[in-house]
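Novice: First the structure, which I've put down as C-alpha cells, then a few questions once you've had a look.
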Amino acid sequence: MTDTAAPAARPRRRLPLHALGPLLALIALIILGASLNSNFLSAGNVTNVLARSAFIGIIAVGMTFVITAGGIDLSVGSMAAFVAGVMIMAMNAMIPALGIGVPLILAGMLVALAAGLAAGLVNGFLISKVGIEAFIVTLGSMGIYRSLTTWLADGGTLSLDYEARTFYRPVYYDGLFGIAWPIIVFALVAILGELAMRKTPFGRHCAALGANEQVAKYSAVKVDRVRMATYVLLGGLVGLATIMYVPRLGSASGSTGVLWELEAIAAVIIGGTVLKGGSGRVWGTVVGVLILSLIDNILNLASIVSPYLNGAIQGVIVILAVVLQREGKSAD
Amino acid sequence: MTDTAAPAARPRRRLPLHALGPLLALIALIILGASLNSNFLSAGNVTNVLARSAFIGIIAVGMTFVITAGGIDLSVGSMAAFVAGVMIMAMNAMIPALGIGVPLILAGMLVALAAGLAAGLVNGFLISKVGIEAFIVTLGSMGIYRSLTTWLADGGTLSLDYEARTFYRPVYYDGLFGIAWPIIVFALVAILGELAMRKTPFGRHCAALGANEQVAKYSAVKVDRVRMATYVLLGGLVGLATIMYVPRLGSASGSTGVLWELEAIAAVIIGGTVLKGGSGRVWGTVVGVLILSLIDNILNLASIVSPYLNGAIQGVIVILAVVLQREGKSAD
Amino acid sequence: QDTKVIGVAIPSATHGFMGGLNYHAQAAIERLEATYPSLDFVLATAGDAGKMVNDIEDMVATRNISALVVLPFESEPLTAPVQAVKDAGIWVTVVDRGLSVEGIEDLYVAGDNTGFGRVAGEYFAEALKEGDNIVVLRGIPTTLDNERVDAFTAAIDGTGINVLDMQHGNWNRDDAFNVMQDFLSKYDDIDAVWAADDDMATGALEAISQAGRDGEMWVVGGAGMKQIIKRMMDGDPMLPVNVTYPPAQIATAIELTALGQVSPTPVSGRFIIGSQRITPENAEQFYFPDSPF
Amino acid sequence: MAALEARGVTRSFGPIRVLHGVDFSLIPGEVHALIGENGAGKSTTMKILGGYLSPTEGALLLDGQPVSFADQRQAEDAGILMIHQEFNLALQLTVEENIFLGREKRRGPFLDQKAMRAEARDLLSRLDCHVDPRTPIRDLSVPNRQMVEIARALGRKARVLIMDEPTAVLTGRETDVLLEQIARLKAQGTAILYTSHKLDEIARISDRVTVLRDGAHIVTRTAEGFSEHAMAEAMVGRDLTDLYPAKSQAQDDVVLEVEGLTVPGRVRDASFTLRRGEVLGFAGLVGAGRTELMEGIAGLRPATGTVRVNGKTIRLGSVLAAREAGLVYLTEDRKEKGLLLGKSLTENLTLLALDRFGRLSIDKRAEDAALTQAIADFDIRVKDRAMVAGSLSGGNQQKLLLAKTMLAEPQIVIIDEPTRGIDIGTKQQIYTFIAALAAEGKSVIVVSSELPEVIGLSTRVVVMGRGHIAGELTGDQITEDAILRRAMGVKEMTGAEA
Ligand SMILES: Nc1ncnc2c1ncn2[C@@H]1O[C@H](COP(=O)(O)OP(=O)(O)OP(=O)(O)O)[C@@H](O)[C@H]1O
Ligand SMILES: Nc1ncnc2c1ncn2[C@@H]1O[C@H](COP(=O)(O)OP(=O)(O)OP(=O)(O)O)[C@@H](O)[C@H]1O
Ligand SMILES: [Mg+2]
Ligand SMILES: [Mg+2]
C-alpha cells in the first residue's frame, strides 16, 4: 500500500557475524594449539579434552536455560559434589544387596539423577514460588551442599568401593565406535538442548520470561512453572554430569566441583547468551565450554611461562574471546 | 488548575516495611548472638566484628553503585590482593629512601589508592568503552590479578618489612575515642555512599542507567562516563579497603581476598539492592555486610554443631534473612 | 641423545605451604634443566583434583613423559589415573599424600602427617598440665587435616588437657585471625593454641596481641615458615616450638626421579622425611631466608 | 444477551479508588467505545474486563453467568482478548515469537515454525504491514510494533476483543486498515470494546458509546447522533471550542540550521532551518525517517553533516552538547526511551535537567516544587505523588514526559508525536502551550503523524518521504492533500516552495 513500508522481502536469515565470534575464537585457539604441539590434534588429546569438557558442558547446557530465563545458579558446583557424595554412599550401601554389577551401577545412576532433580527442585521452588532472588538462593544452597558434602565425608573423601569402581570405570573411559561415553552423552545433551531451545515452546517461553516477565505472564505463559523447570532441568543435568564424573575419579569431597559454577556461567556467556536473559544459544555454550577447556590444555602443552601466570593468561584469553565477538558485532 | 490535581501536602515518605527486612534480620541475629554468649555484646567482640567487616563493607558500598548501575564486578577480591601486594612491595622498596615513618605510610597509601583506581579504570574502560559484558571482563581480571599476585609473591607471601609494619599497625588496631580506625573509615564511606546514592546527581544517574539505559541516554545522562565512574569508584574503594587491610597482618598472598567478591555482592543483595540494577540502598548494604559478619561470629561463639556444617548454617541464614525481606514485602 | 620429559603435577599455591612447595619445585626444575640438558620438565599446578587429572592426561597424551612426579591433590580421585600412567610404562613418583592403593608408585617421598600432629601433641603433653585449656585451628577439611588432628588428639590423650574448641582456619591467615579473635572473646582462659600451620599461627598471634593477652598463652604452628622461625631465633616466648614439614620434599622427589632417568642409580623405594621438633636452640638450621615460605 | 458485563465494578490501588461502581455491557457483534479523559479509568476498566486486574468490588458476568478470572489465561480461554495501551511485546523476541507466545503451534514436541511464520505473515498482511516475521521486535518502529500487537490479537480468534487505544501510534492510513478489520470482525459477531482519543474514529465505527469521567460512569448511548463535539463535552465536562490557538509569526533570525545531515541507513542529506518563535511541522508517512533525523540532530544517533544552533556548530553525537546549546528532543517512544516506569514521578521529571537542582546535592524541596508546578502546568492527573511513573495512565505519562522535557528550559524543542494518547481537552492545552512557547521566542519542531495537528499548529511544514526531505510548505499551501502528495513522492504538482 504505502511504498515506504519496510521491504516485504527481507534478506534471508544471515547468521550475524557477531554470533560467530566465539566460533572464531575457538578456531584461533585450535590453530594456536596445533602450532604449539604436534600431538595437539592427536586422537588421544582430542578425546581427553572433549571427555573432560563433558561435565561442565552438560551443566552449562542446563545453565543456558536458567540464564536465558533471567535466572542464575551458583550452586551447581557444590550440588555436583553433593550428588556425587550421595551417589557414592548409596552405591556403597547397596553393594551387599545388589552385588557388583550392572544393577548396582543403574541404581547408582538413578540415585544421582533423583538427587540432582531434587536439588534443582528445591532451588526452583525457593526462587519461583517463594520468590527469593536467585542469586541469594543459590549462593545459600552452594554453601549448604558444599558443607553437607564435607560433613558426609567427615572432612575427608567419600570413595566408591574399589571393585565397584573398577566395574564402573568404563562409563568414563570406554565408549562406542571409539568415541568415549562422556563425549557421546555431552553431544546428545547439547543437541537436545539446542533443539529444546530453538524448536520447542519451552525454549521460547524461557526466552520470553527472561526478556520480559510481565509480557510472558500476559501471554498466558506459566511463568512460575517455566522458571521452576529451568532449575529442575539444570539439577537433572548436574545429576547426569555426576554420573559421568564418578567413574572418572571414584570419589567426592568438599573440594569436588569448586568453581564449576563460574566456569559454567562463563561458558554460557562466552557463547553469546546474555547474562540478563532473554536470548540463549546452546551451541554457543558448547563452544564456550570447549574454549575454556582448550585454554587449560594449551597451557599444559606449551609450558612457556611461570605456572603462576596461567590464571592471567586464561583471563586474557577469555576477555579476548569475547572482544572478538563484540568486534564482529560492531562491524555488523 | 483542575480539581483532580493531587493534594500538595502528602504524608511524608513512609519507609516501606519490606525495606526494613534486612534490618529485622540483623536484629534477630543480634538477639540470637546475645542469648548464645554473654560476651557477644562486649565492647571487644563488637569492635572485632565491626572492624573485620570494614574491608568487605567498604568494597560492598562501591559494589552497590556498580550493581545499581546494572553492572557487576567479580574481580574485587583478587584486586584487593593485588593492590595489597603492590602496596607492600612499593613500601618495602621505599624504605631506604623514606625511612620508616609517616611519609612511608602516606606513600604506601597513595600507591594503594592509585593502584585501585587504575585497576577500576581498566575494568571500567573495557566494559563501557569496549563494550564487553561486565561479567566476562571482571571474571577475566579476577584471574589476572590473582595470578599476578601469586607471581609477585613467587607463590608465597609478600610481607611488609617488620619495622614498617609495627609502625603502620595502629591504623588497624588503634582508633579515635576508642573506636577503631577501620570502623571509622567504614562508617564514613557508608555515610558518604548513602549521601551520594540518595542526594547526588551521580546516584540518580546510576539508578537511571540500571533501570533503563535508553531512557538514561535520551535524558542526556553520559551513560558511558557514569558506568565507568562506578567501576573507578569501586576500584578506589578497594584501594581504601586495602589500606586498612595491610596493617592488620602485614602481608598479602595469592589467597588474600578469596571470595570477597561473592561476599560483597551477597551483602549488596541481602541489603535490598536489585541484582539487575535500577535501585540501590547503601544502608542496606551495610546491614548486609553486618549480617554476614555476624553469622560467622555467632557460629564461632556458639560451637553448637560440627564445624563441617558451618557453611550449611550460613547458607540457611542468608536465605532466611532474605525471606524475611520478601515476607515484609508481600505483607506490604 | 633423546631428551626425556619429566612431568610434575602439584597443587597450586593457594596457601603458604603450597607456595613454598611451588617455589621448591620450580627451583629444582631450573637446577636440573641446567645440569642435565637431556631432561625436559613439564610443570602443571592444579586447583582441584579434576584439573590435576586433566594435567596428567595432557602430559601423557601430548608430552610423552617418561616419568611423573605427582603430589596428589587428594588421594582417592588420583589413584586410578596415576595407576593408568603407571600401566603405560611411565615411572611414577608420588609425593606427600599416598595413593589409596599401595604399590602403584615406583618412588614415594613424603613428609610425615601423623608425625606432624604427634610431635606437636607431644610438646603440648610435656609443657601443659592437667586442666590446662587449649584451642585448635584446623586446616581445610581434608583427609590430611584429619590425620594430623587425629594424631595430635591421640598424643594429648589422657593428659587431662582440655580442648576447648576446634574450628577451621583453612590454612589461611585472615580466617585464622577471625576465628582466634572469636575464641578470645569466648574463652577467658586459654593456655595454648595449636595452629597446625604457620600461616594460621601468624593470624592467631596477631589476634592474641590485639586482645592484649600475649603473656597468657603460646602458639605452636607448623611447617617452619621463615618469618616464624626468625621469631623463634629471636626468642619469642609465644613461639616455644615448631614442627617441620618441609615443602622442599618436592625437590627431593624431583631430584631423585631425575637421577633415576639419567643414570642407572636405583632410586625406587620409600623416602619419609620425618617431622622434627624445632626449638629456639636448633631454629637456625631450619631458617631459609631466600625461600618465599 | 451481553457477552460480557460489568456490574458496579470498583477498583482501588492501595487507598486510592480509581473506579467507582462502573456498569457496562458488551453485546456480540457491536463495537462499543469507551471514552474519557486521561486517567478517567478506561484502561483500568478494560484490564478488569480482560482478566488482567480483579475488581475490588462488583461482579463480572460472562454470558450472564458470574465469573472471576484468576488470571489472564482463564480470560483468554473464555475467548476474551485484549490489546494493551502499552505494548505487551518482548523486545528480544521476533515478531513471530511474540504473536504466538503462549499458544505456539506444535508438531509433536516441536514447534511448527513454518506454519507459524506463514500465519504471522498472513495476519500482518491483512493489516497491510509487511515486516518479516523473523525480525526482533526491538528493530521495529513504534507503529509496526503496534501492528504486531494487533496481529497477535487477531490471530487468537476472540469472542470479545478489547482494544485500548490501538490507533494512538498509527497514521491515518494504517488506522483505516485497522478499522476495516474491526468491521470484518464485528460482522462475524465478535464483541469489540474500543477506546481512542481520536473522536472521529469513534464516530466512524462505534455502535454505542460509554463515557467515563473520574472513574465514574457518566452515560451510555448509541453512537448515532452523538457528535464529536458532544462527545468531547461529555468527557471533559466543559465546552471545547477552538482546538488550535492562533499562529504567531516567526521572527527573522535563524536559530537552527541543519545542513546535509545524514543518518546512515535512515536519512540522506537533510537540510532545513528553523527561526526564532517558529512552529515548524514535520510530516511524512510512517517510516519516512523523521524520528531518525531528529534523533540525529539531538545527538542520539550517529550522524554526519552540520548542525548549527544560533550560528554555532554543535558537536554531533552528544546529547549533552545539544542540550547545552539549548536543544532538546522529546521521544516518540515513551516507554522504552522516555520514562523510567519503575521510578517515582520526581525522579523522572528532573532527570534531564538534574543539574538545575544542584550539582553536588539534589535539592529535594526544589524538586518537589517542580513536580507541583508540572502537575499544574500540564494537568497531570496524579492521585498519589509517591507513585511510580508506570502507574500513571498512558496520557498522563505523556504529559509527564512533556513536563520533563520542558523543565530543561530549551530554546529549541523538538517534539515527536506530542499528543500521542492524549485526550482532546488536554490536547487543546498542549497546543496552547506550544503556541505560547513560540510567542515567547522559543522555537518548536512538531513531528506528528496526525496531519490536522501539523496543519493546525505550524507556520511552515517540512514533508519527508523515504529518508529525505521531499518538500516544504508555508502558509496557505499547507493542506492535507499537498502534504500527502509530497510524502508519497508524487512530483507533478510544484508549489511555490523554495
Ligand atoms: N497500578 C496502579 N497503581 C496506582 N494507580 C494506578 C495504577 N494503574 C492505574 N492507576 C490510576 O488509575 C487511574 C485510571 O487510570 P487508567 O489507566 O485507567 O486511565 P485511562 O482512562 O486509561 O487514561 P488514558 O487515556 O491516559 O490512558 C489513573 O489515575 C491512574 O494513575
Ligand atoms: N530501532 C530500529 N531498528 C531498525 N529499524 C528501525 C528502527 N526504528 C525504526 N526503524 C526503521 O526506520 C525507518 C524509519 O523509522 P520511523 O518509522 O520511526 O520513521 P518516522 O518518519 O519517524 O515515522 P514515524 O515517526 O511515523 O514512525 C522505518 O523503516 C523503520 O522500520
Ligand atoms: Mg489508558
Ligand atoms: Mg517517528
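The values are calculated or read from the model by the stated rules, or taken from the named source; none is laboratory data. As the structure is a computational prediction, the values presented were derived from the model and not from experiment. Here the Cβ is made from the backbone with ideal geometry for all residues, glycine too, and neighbour counts use every protein chain on show. Calculation scope for accessible area: heavy atoms of the full protein, side chains included, ligands and nucleic acids excluded. Shrake-Rupley method; radii C 1.70, N 1.55, O 1.52, S 1.80 Å.
Novice: So which of B:L139, B:L121 is modelled with pLDDT of 95 or more, open to solvent by 20 Å² or more (accessible area, probe 1.4 Å) and in a helix (DSSP H, G or I)? Can you show your working first?
Specialist: Values: B:L139 fails: modelled with pLDDT of 95 or more.
Answer to the check: B:L121.
Novice: Run down D:E292, D:E224 and say which single residue is closer than 30 Å to B:K222 by Cβ and either in contact with a Cys (Cβ under 6 Å, 6 or more places away or on another chain) or of a type in the set (D, E, K, R) (or both).
Specialist: Numbers: D:E224 fails: closer than 30 Å to B:K222 by Cβ.
Just a single option satisfies the conditions, and that option is D:E292.
Novice: Another one. Which residue is modelled with the highest pLDDT, if the candidates are limited to the stretch C:1-26 and must be open to solvent by 30 Å² or more (accessible area, probe 1.4 Å) and more than 25 Å from C:N170 (Cβ to Cβ)?
Specialist: C:K4
Novice: Within the stretch B:268-293, which residues are hydrophobic (A, V, I, L, M, F, W, C) and away from chain A (no Cβ under 11 Å)?
Specialist: Of the stretch B:268-293, the ones hydrophobic (A, V, I, L, M, F, W, C) are B:268-270, B:274-275, B:282-283, B:286-287, B:289-292.
Those that are hydrophobic (A, V, I, L, M, F, W, C) and away from chain A (no Cβ under 11 Å): B:V282, B:W283, B:V286, B:V287, B:V289, B:L290, B:I291.
Novice: While we're here: Has the stretch A:251-258 got at least one residue that is crowded, with 24+ Cβ neighbours inside 10 Å, touching a strand residue (DSSP E or B) at 6+ places or on another chain (Cβ under 8 Å) and among the aliphatic types (A, V, I, L, M)?
Specialist: yes
Novice: For the stretch A:56-95, give me each residue that is assigned to a loop (DSSP other than H, G, I, E, B) and aliphatic (A, V, I, L, M). Please lay out each step first, then the result.
Specialist: Initially, the stretch A:56-95 is screened for residues assigned to a loop (DSSP other than H, G, I, E, B), giving A:69-75.
Hits for the stretch A:56-95 are A:A69, A:I72, A:L74.
Novice: Tally the residues that are more than 14 Å from chain A (Cβ to nearest Cβ), within 16 Å of ligand 2 (Cβ to nearest atom) and touching a residue at least 60 places away in the same chain (Cβ under 8 Å), restricting the search to the stretch D:166-197.
Specialist: Total meeting the criteria: 3.
Novice: Right, something else. Being open to solvent by less than 20 Å² (accessible area, probe 1.4 Å) and more than 11 Å from D:H32 (Cα to Cα) is the filter here; which residues of the stretch D:191-206 pass it?
Specialist: So in the stretch D:191-206, the residues open to solvent by less than 20 Å² (accessible area, probe 1.4 Å) come out as D:191-197, D:199, D:201-202, D:206.
Listed by number, the residues that qualify are D:S196, D:H197, D:L199, D:E201.
Novice: Being of a type in the set (F, W, Y) and facing chain A (nearest Cβ under 9 Å) is the filter; apply it to the stretch D:64-119 and report the residue that is least open to solvent (accessible area, probe 1.4 Å). Can you show your working first?
Specialist: Going residue by residue through the stretch D:64-119, those that are of a type in the set (F, W, Y) are D:69, D:87, D:100, D:110.
Filter once more, keeping what is facing chain A (nearest Cβ under 9 Å): D:87, D:100, D:110.
On the way: D:F87: 40, D:F100: 1, D:F110: 81 Å².
Checked the stretch D:64-119; the qualifying residue least open to solvent (accessible area, probe 1.4 Å) is D:F100.
Novice: Still on this structure: For a quick check of your reading: which helices (runs of 4 or more DSSP H) sit entirely within the stretch D:134-223 and have at least 2 residues that are at pLDDT below 90 and within 16 Å of ligand 4 (Cβ to nearest atom)?
Specialist: Values: elements: D:142-155, D:172-187, D:199-205.
So the answer is D:142-155, D:172-187.
Novice: Could you check how many residues of the stretch C:82-103 are open to solvent by 10 Å² or more (accessible area, probe 1.4 Å) and either of a type outside the set (G, A, S) or closer than 22 Å to C:F41 by Cα (or both)? Walk me through how you get there before you give the answer.
Specialist: Taking the stretch C:82-103 and keeping what is open to solvent by 10 Å² or more (accessible area, probe 1.4 Å), we get C:83-84, C:86-91, C:97-103.
If we keep only those that are either of a type outside the set (G, A, S) or closer than 22 Å to C:F41 by Cα (or both) too, we end up with C:83-84, C:86-91, C:97, C:99, C:101-102.
Total meeting the criteria: 12.
Novice: Right, next: Since B:V258 meets every condition but one in (1) under 30 Å from C:A201 (Cα atoms); (2) part of a helix (DSSP H, G or I), which condition does it not meet?
Specialist: (2)
Novice: Give the stretch C:245-261 a look and list any residue that's open to solvent by 10 Å² or more (accessible area, probe 1.4 Å) and either within 14 Å of another protein chain (Cβ to nearest Cβ) or modelled with pLDDT of 85 or more (or both), or say none. Write out each step before concluding.
Specialist: Within the stretch C:245-261, the first condition is being open to solvent by 10 Å² or more (accessible area, probe 1.4 Å), and the residues that meet it are C:246-248, C:251-252, C:255-256, C:259-261.
Matches in the stretch C:245-261: C:P247, C:A248, C:A251, C:T252, C:E255, C:L256, C:L259, C:G260, C:Q261.
Novice: Any residue that is near ligand 2 (Cβ under 10 Å from one of its atoms), away from every other protein chain (no Cβ under 13 Å), modelled with pLDDT of 90 or more and touching a Phe, Trp or Tyr at 6+ places or on another chain (Cβ under 9 Å) - is there at least one of those in the stretch D:287-302?
Specialist: Scanning the stretch D:287-302, I find at least one residue that is near ligand 2 (Cβ under 10 Å from one of its atoms), away from every other protein chain (no Cβ under 13 Å), modelled with pLDDT of 90 or more and touching a Phe, Trp or Tyr at 6+ places or on another chain (Cβ under 9 Å), so the answer is yes.
Novice: Still on this structure, I have one more. Here is a check on your reading of the model: is A:L188 in a helix (DSSP H, G or I), more than 8 Å from chain D (Cβ to nearest Cβ) and within 15 Å of the chain's Cα centre (by Cα)? Give the steps one after another, and end with the answer.
Specialist: Working: in a helix (DSSP H, G or I): yes; more than 8 Å from chain D (Cβ to nearest Cβ): yes; within 15 Å of the chain's Cα centre (by Cα): yes.
Criteria met by A:L188.
Novice: If you check D:E367, D:E409, D:E440, which single one turns out to be among the acidic types (D, E), open to solvent by less than 10 Å² (accessible area, probe 1.4 Å) and more than 16 Å from ligand 3 (Cβ to nearest atom)?
Specialist: Details: D:E409 fails: open to solvent by less than 10 Å² (accessible area, probe 1.4 Å); D:E440 fails: open to solvent by less than 10 Å² (accessible area, probe 1.4 Å).
The unique qualifying residue is D:E367.
Novice: In the stretch B:126-141, what residues are more than 7 Å from chain A (Cβ to nearest Cβ) and within 21 Å of the chain's Cα centre (by Cα)?
Specialist: Within the stretch B:126-141, B:I127, B:A134, B:T138 qualify.
Novice: Only residues that are open to solvent by less than 10 Å² (accessible area, probe 1.4 Å) and of a type in the set (A, V, I, L, M, F, W, C): list them for the stretch A:208-219, please. First the steps, then the outcome.
Specialist: We begin by selecting, within the stretch A:208-219, every residue open to solvent by less than 10 Å² (accessible area, probe 1.4 Å); these are A:208-209, A:215-216, A:219.
Passing the criteria: A:A208, A:L209, A:V215, A:A216.
Novice: Please pick out the residue among D:V382, D:V463, D:V447, D:V388 that is away from ligand 1 (no atom under 16 Å from the Cβ) and either within 14 Å of another protein chain (Cβ to nearest Cβ) or in contact with a Cys (Cβ under 7 Å, 6 or more places away or on another chain) (or both).
Specialist: Every option except D:V463 fails the conditions.
Novice: Ok, one more. Would you confirm whether or not the stretch B:244-256 contains a residue that is in contact with a Cys (Cβ under 8 Å, 6 or more places away or on another chain) and away from chain D (no Cβ under 14 Å)?
Specialist: No, there is no match, as no residue in the stretch B:244-256 is in contact with a Cys (Cβ under 8 Å, 6 or more places away or on another chain) and away from chain D (no Cβ under 14 Å).
Novice: Moving on. On the given criteria, is D:G29 away from chain A (no Cβ under 14 Å) and within 16 Å of ligand 3 (Cβ to nearest atom)? Can you show your working first?
Specialist: Working: away from chain A (no Cβ under 14 Å): yes; within 16 Å of ligand 3 (Cβ to nearest atom): no.
So D:G29 does not fit the description; no.
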